[in-house]
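Right, one structure below, let's go through it.
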Amino acid sequence: MTSFQTDSNPVRRARLLFIGLAALLLLVFFLSLLAGRYPSPGLLSIEQVQNDQMAHNIVFRMRLPRALLAVAVGMSLAAAGTVMQMIFGNPLVDPGFLGVSQGAAFGAGLSIVFLGNSPWMIQASAAFFACLGLLISYFVAWKIRYGSWVLRLILAGICVSAIFTSLLGITKYAADPTTQLAELTFWLLGGLSAITWQEVKIVVPLVLLCLTGLMLFRWRLNILALKDSTAFSLGASTTRERAFILALAVIATAAVTAVSGLIAWVGLIMPHLARRLFGADARFALPGSMLLGALSVLICDSLSRVPFAAEIPLGIVTSLFGALFFMALMMSGSVGVKK
Amino acid sequence: MSEAILEFNSLSFAYQKGSPLVLEGFSMQIGRGGVVAVLGPNGTGKTTMLMLALGWLSPDAGQVKLLGRSLDDYSRRELGQIVSLVPQFEPTFFDFSLLDFALLGRAPYLGSFSMPSAEDYEIARQALSKVGMVEKATRSVMNISGGEHQLVLLARSLAQQTELLLLDEPTSHLDIKNKSRLLAILRELVSEGKTIIFTTHEPDVAAMIATSVVMVKGGRVLHAGPVAEVMTGANLTEVYDTRIEAGEYASRHVFFWD
C-alpha cells in the first residue's frame, strides 16, 4: 500500500460529508418549495401542487425562483468569504469588504431617492457601485506607497467603505421619510421577497460562471493565502492571480447583493464552519463553504417568510442566527485565528 | 570554480527611492553544488540578498543571473522549479495539515487549474519524512513549535525539488538535535548535487556545514572564500565589531566572543 492511500481517509471523509450536505440541501430545497402560508401555514402536499392552480403558481412562479436565488446568494457569499479570507490572510474578512457592500448600498439608495425606484434600476445601480467600490479600492491600494499588497487593499477598502457609508447617509438625509426612506431601509435589511424568474435568469448564469472559475482555481487559493514572497517563490504571479480571483468573487457578490440587498454574516461564518468540517485546504473548504452557505440562506429565507404573516427581512434573520452561531463557534474552540 | 549557479553583478538596492541603499556595488558568484553561508550583522542586507536571488526584489542597478541567464528571462513557474525559499518564519492563519502544507511546494509543477496528484502527495510525504515530521503529517501547522515550523518550511522547499535552496537563518529556532538533523539534511542535499545558500548568525554552524563563506557588512561583500581561509577571528571581529576569537576543539572550529 502506498503511503498516499493512508492519507486518502480525510479525502474520503470529505466526500462523504459533501454527499451528506448535498442530500440535505436537496431535501431543504424541496421542503422550502412546499413550506409557506397558503392555504394555511405549513407544507403543501404534492397533490395540492398538482391540482390547485393557485398552489401550482405559488410554487413554480414564486417559491422556485426564490429558492434558486437563495441558493445562489448563499453559495456566492460563502465562496466570496472563503476567497477573501484566504487572500487577505484574515479570517475576519467578509465579502462586503473592499467597498463592495457599502458601494451596493449607496447604489441602491441613489436609485431609490434620485433615479426612480424601479427594481431594474435599483439592481443595476447597486451592482454598478459594488463593482466601482472594488475598482476604487484597487486603484487606491495601487497608489499607496508602503506596506504589503494585502495591507494596502485593507486600508483602501476601509476608506472606500467609509466614503460610501457617508454618501449613503447623505442620500438617506435627502430621502422622503414616508416613502423613499422606508423603501431604502427595507432594501438595506435584505430580502428575497421580490424575486421572480427575471432576476434568476440574469443572476444565476453570472454566479455560475464566477463560481465555476473559483472552483477550478481552488487549490491555487492555498498558495495565494501565503505571504507574498512565499507565494512568489512557489511560482505564483501574486498580484495578477489575486486580482483575477477577487474579481470573480466580487462579481458574484455584486450580482446577488444587487437583487437581495445586504445579507450579513453568511460570508463571514460559513468559511469558518467549512474549515472546521473540511480542513483549511481550499480544495475542500471552498465547495464545503458553498454548500453550507446555500443551506443556511435557504433555511433562513424559509424562516423569514413561513412562521409569521408579515415577512421578516432575510438580512435580520441571517444576522440574528449568524451572530449567535458565531459566538457558539468561537466558544467551542478555534476559529482559525492564531492568538 | 565550478559553473556559477548564481551571480550578483554590481547590485545596488534600496527599499524606497531616496532611502539609504541596503546593498551597494554588491558582487558575488556562487558555484554549482556546495553550501554557502552568508554571515553579517543585523540589517546588513542578508535577507535582501536572498530576496534578490529569488527574484522577489529587483535591483535598482546591476544584474542577478541564474545559471547564466538573467532572472528577468525566467517565467515565475520556471523560477519556482529552480529556486526555493525557506523563510525564517512564516505567519500562517489557517490550520493546514502538515502534509497539505508541504504539498504546496508542488505548486510550480501544477497549472493554475490543476489539483495535486497521488505522486505529488508522495513527494510531499517523503519531504516530511526527511525532516522527521511524517508521523505528525495530519497535525495542524498552527499547533506546532517554532522549531517544528522551521522544519515544515524546509519540507515544503524539499517538495519543490529545486536545484538551489535559499534558507534564511534556518537554525534560529532549532534545538541541538534538530540543528544536527538539519545539517545532515543539507549535507545529503549537497551530495545530490544541490546548491544551498543560507544566512546565519552562528559562526560555528557556518563552519560545520559550509563549503564557502561570504561575510557582508554595510551592503558590501567584506570577505568571501573557503571556510578555512575566511572564518578567522580577525575577519569575524571586523564584521561584527566585537572581539571574536577562533579556535579548534576536537577537529572543529569554535568561536569565542566578549
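Only one of A:Leu314, A:Leu248, A:Leu320 is at pLDDT 90 or above, under 24 Å from A:Leu192 (Cβ atoms), in contact with a Leu (Cβ under 8 Å, 6 or more places away or on another chain) and surrounded by fewer than 24 Cβ atoms within 10 Å (Cβ to Cβ); which?
Values: A:Leu314 fails: surrounded by fewer than 24 Cβ atoms within 10 Å (Cβ to Cβ); A:Leu320 fails: in contact with a Leu (Cβ under 8 Å, 6 or more places away or on another chain).
None of the others qualify; the one that does is A:Leu248.
Given the criteria farther than 22 Å from B:Leu23 by Cβ and modelled with pLDDT of 90 or more, does B:Ala159 qualify?
Working: farther than 22 Å from B:Leu23 by Cβ: yes; modelled with pLDDT of 90 or more: yes.
Judged against the criteria, B:Ala159 is a match.
Has the stretch A:316-327 got at least one residue that is aliphatic (A, V, I, L, M) and within 25 Å of A:Lys201 (Cβ to Cβ)? First the steps, then the outcome.
First, pick out the residues of the stretch A:316-327 that are aliphatic (A, V, I, L, M): A:316-317, A:320, A:323-324, A:327.
Checking the rest, the ones that are also within 25 Å of A:Lys201 (Cβ to Cβ) come to none.
No.
Looking at A:Thr318, A:Thr257, A:Thr253 in this structure, which one is more than 12 Å from chain B (Cβ to nearest Cβ), touching a Ser or Thr at 6+ places or on another chain (Cβ under 9 Å), within 15 Å of A:Thr82 (Cβ to Cβ) and not aliphatic (A, V, I, L, M)? Let's see the steps before the verdict.
Working: A:Thr318 fails: within 15 Å of A:Thr82 (Cβ to Cβ); A:Thr257 fails: within 15 Å of A:Thr82 (Cβ to Cβ).
Answer to the selection: A:Thr253.
Please indicate, with yes or no, whether at least one residue in the stretch B:83-90 is β-branched (Val, Ile, Thr) and out of contact with any strand residue (DSSP E or B) (no Cβ under 6 Å at 6 or more places or on another chain).
Narrowing the stretch B:83-90 to residues β-branched (Val, Ile, Thr): B:83, B:86.
Still in the list and also out of contact with any strand residue (DSSP E or B) (no Cβ under 6 Å at 6 or more places or on another chain): none.
Looking through the stretch B:83-90, none of the residues is β-branched (Val, Ile, Thr) and out of contact with any strand residue (DSSP E or B) (no Cβ under 6 Å at 6 or more places or on another chain).
Is it true that some residue in the stretch A:295-306 is charged (D, E, K, R), more than 11 Å from chain B (Cβ to nearest Cβ) and under 20 Å from A:Val71 (Cα atoms)? Steps first, please.
From the stretch A:295-306, those charged (D, E, K, R) are A:301, A:305; that's our starting set.
Within this subset, residues satisfying the condition of being more than 11 Å from chain B (Cβ to nearest Cβ) are A:301, A:305.
With under 20 Å from A:Val71 (Cα atoms) added as a condition, the list becomes A:301, A:305.
Yes, the stretch A:295-306 contains at least one residue that is charged (D, E, K, R), more than 11 Å from chain B (Cβ to nearest Cβ) and under 20 Å from A:Val71 (Cα atoms).
Any chance you could count how many residues in the stretch A:132-184 are closer than 26 Å to A:Phe114 by Cβ, over 24 Å from the mean Cα position of the chain (by Cα) and either among the polar types (S, T, N, Q) or within 14 Å of another protein chain (Cβ to nearest Cβ) (or both)?
Within the stretch A:132-184, residues that are closer than 26 Å to A:Phe114 by Cβ, over 24 Å from the mean Cα position of the chain (by Cα) and either among the polar types (S, T, N, Q) or within 14 Å of another protein chain (Cβ to nearest Cβ) (or both) number 4.
Please work out which residue is farthest from B:Gly31 (Cα to Cα), limiting yourself to the stretch B:142-156 and to residues that are touching a helix residue (DSSP H, G or I) at 6+ places or on another chain (Cβ under 6 Å) and not β-branched (Val, Ile, Thr).
Here is the first cut: in the stretch B:142-156, the ones touching a helix residue (DSSP H, G or I) at 6+ places or on another chain (Cβ under 6 Å) are B:147, B:152, B:155-156.
Then drop every residue that is not not β-branched (Val, Ile, Thr), which leaves B:147, B:155-156.
Numbers: B:Gly147: 30, B:Ala155: 24, B:Arg156: 24 Å.
Ranking the qualifying residues of the stretch B:142-156, first place goes to B:Gly147.
Collect the residues in the stretch B:100-113 that are over 29 Å from B:Ser172 (Cβ atoms) and either more than 7 Å from every other protein chain (Cβ to nearest Cβ) or of a type in the set (A, V, I, L, M, F, W, C) (or both), keeping them in residue-number order. Show your work before the answer.
In the first step, residues of the stretch B:100-113 are kept if they are over 29 Å from B:Ser172 (Cβ atoms); the result is B:109-113.
Once the filter is applied, which keeps residues that are over 29 Å from B:Ser172 (Cβ atoms) and either more than 7 Å from every other protein chain (Cβ to nearest Cβ) or of a type in the set (A, V, I, L, M, F, W, C) (or both), the stretch B:100-113 yields B:Tyr109, B:Leu110, B:Gly111, B:Phe113.
Got a number for residues in the stretch A:67-102 being surrounded by fewer than 24 Cβ atoms within 10 Å (Cβ to Cβ) and of a type outside the set (A, V, I, L, M)?
5
Can you give me the ranges of the strands (runs of 3 or more DSSP E) entirely in the stretch B:1-99 with at least 2 residues that are within 30 Å of B:Val134 (Cα to Cα), within 14 Å of chain A (Cβ to nearest Cβ) and of a type in the set (S, T, N, Q)?
Where strands (runs of 3 or more DSSP E) fall fully within the stretch B:1-99, none carries at least 2 residues being within 30 Å of B:Val134 (Cα to Cα), within 14 Å of chain A (Cβ to nearest Cβ) and of a type in the set (S, T, N, Q).
Would you confirm whether or not the stretch B:93-111 contains a residue that is crowded, with 19+ Cβ neighbours inside 10 Å, closer than 30 Å to B:Leu11 by Cα and of a type in the set (A, V, I, L, M)?
Yes, the stretch B:93-111 contains at least one residue that is crowded, with 19+ Cβ neighbours inside 10 Å, closer than 30 Å to B:Leu11 by Cα and of a type in the set (A, V, I, L, M).
Considering every residue within the stretch A:216-236, establish whether at least one is more than 14 Å from chain B (Cβ to nearest Cβ) and more than 24 Å from A:Val317 (Cα to Cα). Write out each step before concluding.
So in the stretch A:216-236, the residues more than 14 Å from chain B (Cβ to nearest Cβ) come out as none.
For the stretch A:216-236, residues more than 14 Å from chain B (Cβ to nearest Cβ) and more than 24 Å from A:Val317 (Cα to Cα): absent.
Every residue in the stretch A:43-61 that is under 21 Å from A:Thr196 (Cβ atoms) and free of Cβ contacts under 8 Å to residues at least 60 places away in the same chain, please.
Going through the stretch A:43-61, the residues under 21 Å from A:Thr196 (Cβ atoms) turn out to be A:44, A:49, A:52-61.
Within the stretch A:43-61, A:Leu44, A:Val49, A:Asp52, A:Gln53, A:Met54, A:Ala55, A:His56, A:Asn57, A:Ile58, A:Val59, A:Phe60 meet the criteria.
For the list (1) away from chain B (no Cβ under 14 Å); (2) at negative phi, I need the number of the one condition that A:Gly190 fails.
Going through (1) away from chain B (no Cβ under 14 Å); (2) at negative phi one by one, A:Gly190 breaks only (2).
Is it true that some residue in the stretch A:65-86 is within 14 Å of chain B (Cβ to nearest Cβ) and over 15 Å from A:Ala282 (Cα atoms)?
no
Need at least 1 residues that are crowded, with 18+ Cβ neighbours inside 10 Å and of a type in the set (Ser, Thr, Tyr) per element, so show me which strands (runs of 3 or more DSSP E) inside the stretch B:140-219 make the cut, counting only ones lying wholly within it. Talk me through it step by step, then tell me what you get.
Numbers: elements: B:164-168, B:195-200, B:212-217.
Strands (runs of 3 or more DSSP E) meeting the threshold: B:195-200, B:212-217.
Report whether or not A:Tyr138 is surrounded by fewer than 16 Cβ atoms within 10 Å (Cβ to Cβ) and either at pLDDT below 95 or of a type in the set (D, E, K, R) (or both).
no
Only one of (1) surrounded by fewer than 17 Cβ atoms within 10 Å (Cβ to Cβ); (2) of a type outside the set (Lys, Arg); (3) under 21 Å from B:Glu24 (Cβ atoms) fails for B:Val239. Which number is that?
Only one criterion is unmet by B:Val239, namely (1).
Within the stretch B:10-30, take every residue that is over 15 Å from the mean Cα position of the chain (by Cα) and under 22 Å from B:Thr211 (Cβ atoms) and give me the one that is surrounded by the most Cβ atoms within 10 Å (Cβ to Cβ). Before the answer, list the steps.
So in the stretch B:10-30, the residues over 15 Å from the mean Cα position of the chain (by Cα) come out as B:10-29.
Next cut, under 22 Å from B:Thr211 (Cβ atoms) only: B:26-29.
Numbers: B:Phe26: 25, B:Ser27: 14, B:Met28: 20, B:Gln29: 13.
Top of the filtered list is B:Phe26.
Residue check: is A:Gly147 crowded, with 24+ Cβ neighbours inside 10 Å and either over 25 Å from A:Ala274 (Cα atoms) or touching a residue at least 12 places away in the same chain (Cβ under 8 Å) (or both)? Break it down into steps so the answer makes sense when it comes.
Working: crowded, with 24+ Cβ neighbours inside 10 Å: no; either over 25 Å from A:Ala274 (Cα atoms) or touching a residue at least 12 places away in the same chain (Cβ under 8 Å) (or both): yes.
So A:Gly147 does not fit the description; no.
The values are calculated or read from the model by the stated rules, or taken from the named source; none is laboratory data. Please read all numbers here as calculations on a predicted model, not as lab measurements. Note that each Cβ is placed from the backbone with ideal geometry, even for glycine, and that neighbours are counted across all protein chains shown.
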